[in-house]
1. Which residues, taken from the range 52-65, are of a type in the set (A, V, I, L, M, F, W, C), in a strand (DSSP E or B) and touching a residue at least 40 places away in the same chain (Cβ under 8 Å)?
2. Just the residues that are loosely packed, with under 12 Cβ neighbours inside 10 Å and either touching a Pro at 6+ places or on another chain (Cβ under 8 Å) or among the charged types (D, E, K, R) (or both), please, taken from the range 72-106.
3. Can we say residue 53 is under 23 Å from residue 6 (Cβ atoms) and in contact with a strand residue (DSSP E or B) (Cβ under 7 Å, 6 or more places away or on another chain)?
4. Determine which member of the set 4, 31 is surrounded by fewer than 12 Cβ atoms within 10 Å (Cβ to Cβ), at pLDDT below 90 and either hydroxyl-bearing (Ser, Thr, Tyr) or under 12 Å from the mean Cα position of the chain (by Cα) (or both).
5. Those residues that are of a type in the set (Gly, Ala, Ser) and part of a strand (DSSP E or B), I need them from the range 66-106; list them, please.
Amino acid sequence: MLTSESCDLEKLEKDIEKIKRLARKGICRNSWTRDSIHERELDRLEAIKEFIETGVKFEETTDGILLVEDKFLFALRSFKWRVKGRNKWYRSGGPKSFVNRFVNKD
(Lines give C-alpha, C1' and ligand atoms only; values in the text may rest on other atoms or scores of the structure.)
Protein backbone atom coordinates (compact mmCIF):
# COMPACT_ATOMS: atom_id res chain seq x y z
CA MET A 1 0.00 0.00 0.00
CA LEU A 2 1.31 3.42 -1.00
CA THR A 3 1.53 6.11 1.69
CA SER A 4 3.04 9.60 1.87
CA GLU A 5 5.76 8.29 4.19
CA SER A 6 6.73 5.37 1.95
CA CYS A 7 7.05 7.39 -1.28
CA ASP A 8 10.50 8.22 -2.59
CA LEU A 9 10.29 11.19 -4.97
CA GLU A 10 13.42 10.21 -6.93
CA LYS A 11 12.18 6.66 -7.50
CA LEU A 12 8.76 7.99 -8.50
CA GLU A 13 10.32 10.34 -11.07
CA LYS A 14 12.31 7.43 -12.55
CA ASP A 15 9.11 5.38 -12.77
CA ILE A 16 7.34 8.28 -14.50
CA GLU A 17 10.10 8.52 -17.12
CA LYS A 18 9.97 4.76 -17.72
CA ILE A 19 6.18 4.79 -18.12
CA LYS A 20 6.37 7.81 -20.46
CA ARG A 21 8.63 5.83 -22.80
CA LEU A 22 6.21 2.90 -22.78
CA ALA A 23 3.19 5.16 -23.28
CA ARG A 24 4.80 6.74 -26.35
CA LYS A 25 5.11 3.30 -27.91
CA GLY A 26 1.37 2.74 -27.46
CA ILE A 27 1.70 -0.86 -26.29
CA CYS A 28 -1.40 -2.55 -24.81
CA ARG A 29 -3.88 -0.03 -26.21
CA ASN A 30 -7.42 -0.73 -25.07
CA SER A 31 -10.04 -0.07 -27.76
CA TRP A 32 -12.79 0.51 -25.21
CA THR A 33 -11.12 3.37 -23.36
CA ARG A 34 -8.90 4.58 -26.23
CA ASP A 35 -5.89 4.88 -23.96
CA SER A 36 -3.18 2.52 -22.88
CA ILE A 37 -2.47 0.95 -19.54
CA HIS A 38 0.71 2.99 -19.45
CA GLU A 39 -1.11 6.29 -20.01
CA ARG A 40 -3.42 5.56 -17.09
CA GLU A 41 -0.48 4.61 -14.87
CA LEU A 42 1.32 7.79 -15.94
CA ASP A 43 -1.70 9.91 -14.92
CA ARG A 44 -1.79 8.13 -11.55
CA LEU A 45 1.93 8.56 -10.84
CA GLU A 46 1.99 12.23 -11.84
CA ALA A 47 -0.96 12.97 -9.52
CA ILE A 48 0.78 11.13 -6.66
CA LYS A 49 3.91 13.20 -7.33
CA GLU A 50 1.85 16.39 -6.98
CA PHE A 51 0.47 15.17 -3.65
CA ILE A 52 4.02 14.44 -2.41
CA GLU A 53 5.08 17.96 -3.41
CA THR A 54 2.22 19.51 -1.41
CA GLY A 55 3.34 17.69 1.74
CA VAL A 56 -0.05 16.34 2.84
CA LYS A 57 -0.48 12.94 4.47
CA PHE A 58 -2.12 10.35 2.21
CA GLU A 59 -2.46 6.64 1.64
CA GLU A 60 -3.73 4.70 -1.35
CA THR A 61 -6.93 2.81 -0.54
CA THR A 62 -7.44 1.19 -3.94
CA ASP A 63 -5.80 1.68 -7.31
CA GLY A 64 -6.43 5.28 -8.19
CA ILE A 65 -8.10 6.43 -4.94
CA LEU A 66 -6.17 8.22 -2.20
CA LEU A 67 -7.28 8.86 1.37
CA VAL A 68 -5.96 12.36 2.08
CA GLU A 69 -5.45 13.52 5.69
CA ASP A 70 -7.75 10.67 6.86
CA LYS A 71 -10.73 12.76 5.73
CA PHE A 72 -10.96 13.07 1.93
CA LEU A 73 -11.06 10.49 -0.87
CA PHE A 74 -9.44 11.69 -4.10
CA ALA A 75 -9.67 9.95 -7.51
CA LEU A 76 -6.31 10.35 -9.24
CA ARG A 77 -7.45 10.23 -12.87
CA SER A 78 -10.69 12.19 -12.76
CA PHE A 79 -9.61 14.65 -10.01
CA LYS A 80 -12.92 14.08 -8.23
CA TRP A 81 -13.04 14.07 -4.45
CA ARG A 82 -15.46 13.50 -1.59
CA VAL A 83 -15.49 13.56 2.17
CA LYS A 84 -14.98 10.10 3.68
CA GLY A 85 -18.34 8.64 4.69
CA ARG A 86 -20.37 10.75 2.27
CA ASN A 87 -21.51 9.88 -1.23
CA LYS A 88 -21.43 13.22 -3.11
CA TRP A 89 -18.41 13.57 -5.40
CA TYR A 90 -17.04 17.01 -6.38
CA ARG A 91 -14.65 18.08 -9.13
CA SER A 92 -11.33 19.80 -8.59
CA GLY A 93 -8.70 21.31 -10.84
CA GLY A 94 -6.04 18.86 -9.75
CA PRO A 95 -4.16 17.71 -6.68
CA LYS A 96 -2.52 21.06 -5.90
CA SER A 97 -5.70 23.12 -6.20
CA PHE A 98 -7.61 20.51 -4.17
CA VAL A 99 -5.08 20.66 -1.35
CA ASN A 100 -4.97 24.47 -1.37
CA ARG A 101 -8.75 24.95 -1.44
CA PHE A 102 -10.05 22.14 0.72
CA VAL A 103 -7.33 20.50 2.78
CA ASN A 104 -5.38 23.65 3.74
CA LYS A 105 -8.42 25.94 3.27
CA ASP A 106 -6.50 28.80 1.64
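The values are calculated or read from the model by the stated rules, or taken from the named source; none is laboratory data. Here the structure is a predicted model, which is why all the values come from computation and not from measurement. Neighbour counts run over all protein chains shown; Cβ positions are idealised from the backbone, glycine included.
1. Correct list: 58 only.
2. Matches in the range 72-106: 86, 88, 91, 105, 106.
3. Spelling it out, it is not the case that residue 53 is under 23 Å from residue 6 (Cβ atoms) and in contact with a strand residue (DSSP E or B) (Cβ under 7 Å, 6 or more places away or on another chain).
4. Step by step, each of 4, 31 is checked, and only 31 is surrounded by fewer than 12 Cβ atoms within 10 Å (Cβ to Cβ), at pLDDT below 90 and either hydroxyl-bearing (Ser, Thr, Tyr) or under 12 Å from the mean Cα position of the chain (by Cα) (or both).
5. Matches in the range 66-106: 75 only.
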